Amino acid sequence: MAKFIILGVYVGNRVKTSEKVQKVLTKHGCNIKMRIGLHEANDKICSVDGLIVLQIHGGAKSSKGIIKDMKKIPGVKIKEMLF
């Protein structure tokens, strides 16, 4: 059975943190199979906080590298789900 690694990345204050988050995503880009970005947006609001959902390729080593780099960014929280 295939093993799926999903990371949930909460990005607080996207205006201040998005550049650093994008650098981490680019650095680990070959190990990201899927990326979905979510934030509250409508006619009256565009949230400053967001959530990125990643499916990781490359096993635990790849996952741990992304987690380590994301934890260095203030305002970013990351959780891992294994299936």
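Readers should treat all values here as calculations from the given coordinates under stated rules, not as data from a laboratory. Here the structure is a predicted model, which means the values were calculated and not measured. Cβ coordinates were reconstructed from backbone atoms using ideal geometry, including for glycine residues, and neighbour counts include every protein chain displayed.
Being within 19 Å of Ile73 (Cα to Cα) and out of contact with any Leu (no Cβ under 6 Å at 6 or more places or on another chain) is a description that does not apply to Asn31. Taking residues in the stretch 35-52 that are touching a residue at least 24 places away in the same chain (Cβ under 8 Å) and surrounded by 11 or more Cβ atoms within 10 Å (Cβ to Cβ), and partners anywhere that are assigned to a strand (DSSP E or B) and not polar (S, T, N, Q), the pairs with Cβ atoms closer than 6 Å and at least 6 places apart or on different chains are His39/Gly50; Gly50/Val11; Leu51/Tyr10; Leu51/Leu38; Ile52/Val9; Ile52/Gly37. Has the stretch 4-20 got any residue that is over 10 Å from the mean Cα position of the chain (by Cα), under 17 Å from Phe83 (Cα atoms) and touching a residue at least 60 places away in the same chain (Cβ under 8 Å)? Checked the stretch 4-20: at least one residue is over 10 Å from the mean Cα position of the chain (by Cα), under 17 Å from Phe83 (Cα atoms) and touching a residue at least 60 places away in the same chain (Cβ under 8 Å).
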